Amino acid sequence: MPTMTAAGVELAYTRQGTGDPVVLVAGLGGEGKGWGSQIESFAQDFDTIVPDHPGTGASGHTESYTLEHHARALADLITGLGTGPAHIVGSSTGGAIAQIMALDHPATVCSISLVSSWARADDFFRHQFAVRKDTLLRLGSAAYAETTALFLFSPTFFRDHYDKVRAWADSASGGDASVMAARIDMIMAHDQLYPRSGRFGRRLHPAPSVGGSSRGHPRRRVRRDRRGTPHIQGRPSRVPQSGQGVHRPTLTGAG
């Protein structure tokens, strides 16, 4: 797997396909391989770049577990590859990274698509990850993976494809508990909404979270008003049998 120095870290990535550049940014686990068969699907039409987050997978170790550092690393990767602005598709934690890329590194971003992501943690989110972190630190990575599977996969997928759920839990059970704990703290701190940060402006409207069974994929485009304030806009849609235990609205900028 090729690597590139980005934000002081050796960032590992795969690249395949031709066309407009698309960067697939994984969720909390951080490994690009989590996109599975979607990588090949994207590569049929796009120059598809799939990195491992800093400190995960084949990427180098980092002492900086912040979303801002991750966003800077991916922006450096895009710049270093010379692809020009890319479409950023971020799943969960990857969506939080995509938001910061659009805000802090707009020259590297053509559009962002947010999948099962958030702009600020709510009570459900905080409670869920507090329990998951406690499980991780008390019982270890294997118990954490078993618990996490209940949040990542819908009951229907769990029932109909238990072999795949079992394989995922087994593959996720060997991680470094201290690294994952730091990554959980990293996502708990994510807040890009008014009034705390004000980075997405004041006027917001709730939109359904990604999930359910209708067709399509979510897409959000970033635009800036005359004051330079970024706004994420676009119609949310649903991905068949998506899980992740989502029980909260996603907030998108209304301009």
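The values are calculated or read from the model by the stated rules, or taken from the named source; none is laboratory data. These numbers were taken from a predicted model, which means no experiment stands behind them. So basically every Cβ, Gly included, is an ideal-geometry build from the backbone, and we count neighbours across all protein chains shown.
Is it fair to say ASP52 is charged (D, E, K, R), buried (at least 18 other Cβ atoms within 10 Å of the Cβ) and closer than 16 Å to MET180 by Cα? Before you say what the answer is, go through the steps one by one.
Details: charged (D, E, K, R): yes; buried (at least 18 other Cβ atoms within 10 Å of the Cβ): yes; closer than 16 Å to MET180 by Cα: yes.
Criteria met by ASP52.
Here's a check for you: in segment 73-110, which residue that is closer than 19 Å to GLY27 by Cβ and of a type outside the set (A, V, I, L, M) is surrounded by the most Cβ atoms within 10 Å (Cβ to Cβ)?
So the residue we want is GLY94.
Return yes when HIS70 is surrounded by 24 or more Cβ atoms within 10 Å (Cβ to Cβ) and either under 20 Å from GLY32 (Cβ atoms) or in the same structural domain as ALA26 (by TED's automatic domain parsing) (or both) and no when it is not. Let's see the steps before the verdict.
On the way: surrounded by 24 or more Cβ atoms within 10 Å (Cβ to Cβ): yes; either under 20 Å from GLY32 (Cβ atoms) or in the same structural domain as ALA26 (by TED's automatic domain parsing) (or both): yes.
In short, yes.
Any residue at all in segment 46-60 that is on the phi > 0 side of the Ramachandran plot, touching a helix residue (DSSP H, G or I) at 6+ places or on another chain (Cβ under 9 Å) and at pLDDT below 95? Steps first, answer last, please.
Looking only at segment 46-60, we keep the residues that are on the phi > 0 side of the Ramachandran plot, and these are 55, 57.
Imposing the further condition that a residue be touching a helix residue (DSSP H, G or I) at 6+ places or on another chain (Cβ under 9 Å) reduces the set to 55, 57.
Next, from what is left, pick out any that are at pLDDT below 95: 55, 57.
Yes: one or more hits.
Which of the residues belonging to segment 22-38 are crowded, with 20+ Cβ neighbours inside 10 Å and either of a type in the set (Ser, Thr, Tyr) or without any contact (Cβ under 8 Å) to a residue 60 or more places away in the chain (or both)? Working first, answer last.
Just the residues of segment 22-38 that are crowded, with 20+ Cβ neighbours inside 10 Å, to begin with: 22-32, 34-35.
Answer for segment 22-38, where residues must be crowded, with 20+ Cβ neighbours inside 10 Å and either of a type in the set (Ser, Thr, Tyr) or without any contact (Cβ under 8 Å) to a residue 60 or more places away in the chain (or both): GLU31, GLY32, GLY34, TRP35.
Restricting attention to segment 1-21, which residues are crowded, with 18+ Cβ neighbours inside 10 Å and in contact with a Cys (Cβ under 9 Å, 6 or more places away or on another chain)?
PRO21
When the residues of segment 111-142 are filtered to those that are surrounded by 18 or more Cβ atoms within 10 Å (Cβ to Cβ) and in contact with a Lys or Arg (Cβ under 8 Å, 6 or more places away or on another chain), which remaining residue is nearest to ALA177 (Cα to Cα)?
This residue is PHE125.
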